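Here is the structure we will look at.
The values are calculated or read from the model by the stated rules, or taken from the named source; none is laboratory data. What you see is a predicted model, and the numbers here were worked out from it, not measured in a lab. Note that we place each Cβ from the backbone using ideal geometry, even for glycine, and neighbour counts take in every protein chain shown.
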Amino acid sequence: MDDAANALAGTSDTIAGRLALAIHEHRLAPGTKLVEDEVGEVYGVSRTVVRAALQRLAHDRLVTIHRNRGASVSQPSIREAREVFEARALLEPRTARSAVARITAADLRRLAAHIEDEHAALAAGDAGRALRLSGLFHIEIARIADQDTIFGFVTQLVARSSLIIALYWRRRTALCESHAHHALMSALRDQDGARAEEVMKGHLLDLLSSLDLRPPPDGPKTLREVLLP
């Protein structure tokens, strides 16, 4: 790959990262149209860069590209919402148990920092950022378990969960409530695999119960309002 191609890839990765962050923090709602010219104007980049960024996000299933209709933030169906949380309920409890056998003091400090950052975001009224951080907490546990295939699945499922919650959340107080993550931390610290598994299972069931699987409200008015608040 030549220097120009490298520069293009690097710039498109940066734009993809910014758009992904806006999606995960619920500043870009599911179904929002992502017009190449408008995104390019917001970030001061060419349509070629934007198109490459959108292709990457489509690969990650955060964006859907419609033939002759452009791109939009993915909008998971009610059926997919159920399937995603059912898959998480199958994978993550066992992953939490596996993490108990491998966790280090440094890992515990990293998880504690995630919880502190979540609390700070909630205190600031930034529910979208808190949700992203709570998702990273779950991904971090999967990383600690050191099972590469499962880690990949959990990472994808957490990303889909962010979109699902943006669409179907009805009980915002269920946002990875602090007691659930603290309880997981306690089980991990005590090296109690059975308790870690049970806490994770209950936590995911609670998240599922917070979803209202009905049609979502309208999204934001313009990209500029969302991306440049």
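Screening Ser12 with (1) loosely packed, with under 15 Cβ neighbours inside 10 Å; (2) modelled with pLDDT of 90 or more gives one miss only, at (1).
Among the conditions (1) outside any helix (DSSP H, G or I); (2) more than 21 Å from the chain's Cα centre (by Cα), His26 misses just one, which is (2). The set of residues in the stretch 36-59 being surrounded by fewer than 16 Cβ atoms within 10 Å (Cβ to Cβ) and either among the aliphatic types (A, V, I, L, M) or outside any helix (DSSP H, G or I) (or both) consists of Gly44, Ser46, Ala58.
Could you please let me know if Glu80 is closer than 17 Å to His181 by Cβ and touching a Lys or Arg at 6+ places or on another chain (Cβ under 8 Å)? It is false that Glu80 is closer than 17 Å to His181 by Cβ and touching a Lys or Arg at 6+ places or on another chain (Cβ under 8 Å).
A single member of Ala101, Ala121, Ala96 is more than 16 Å from His203 (Cβ to Cβ), modelled with pLDDT of 90 or more and out of contact with any Cys (no Cβ under 9 Å at 6 or more places or on another chain), and it is Ala101. Only residues that are over 14 Å from the mean Cα position of the chain (by Cα), surrounded by 19 or more Cβ atoms within 10 Å (Cβ to Cβ) and within 23 Å of Leu167 (Cα to Cα): list them for the stretch 104-139, please. If the condition is that a residue be over 14 Å from the mean Cα position of the chain (by Cα), surrounded by 19 or more Cβ atoms within 10 Å (Cβ to Cβ) and within 23 Å of Leu167 (Cα to Cα), then Ala121, Leu122 are the ones that fit.
Inside the stretch 66-76, can you point out the residues that are part of a strand (DSSP E or B) and free of Cβ contacts under 8 Å to residues at least 60 places away in the same chain? Listed by number, the residues that qualify are His66, Gly70, Ala71, Ser72.
Restricting attention to the stretch 161-217 and to residues that are modelled with pLDDT under 90 and of a type in the set (Lys, Arg), the residue that is farthest from Pro93 (Cα to Cα) turns out to be Arg214. Answer yes or no as to whether Thr32 is buried (at least 19 other Cβ atoms within 10 Å of the Cβ), β-branched (Val, Ile, Thr), in contact (Cβ under 8 Å) with a residue 40 or more places away in the chain and closer than 30 Å to Ala196 by Cα. Taking the combined requirement at face value, the residue does not satisfy it.
If you scan the stretch 94-103, which residues turn out to be closer than 14 Å to Asp190 by Cα and surrounded by 14 or more Cβ atoms within 10 Å (Cβ to Cβ)? Selection gives Ala96, Arg97, Ser98, Ala99, Val100, Ile103.
For the stretch 75-113, a tally of residues being hydroxyl-bearing (Ser, Thr, Tyr) and over 18 Å from Asp146 (Cβ atoms) returns 1.
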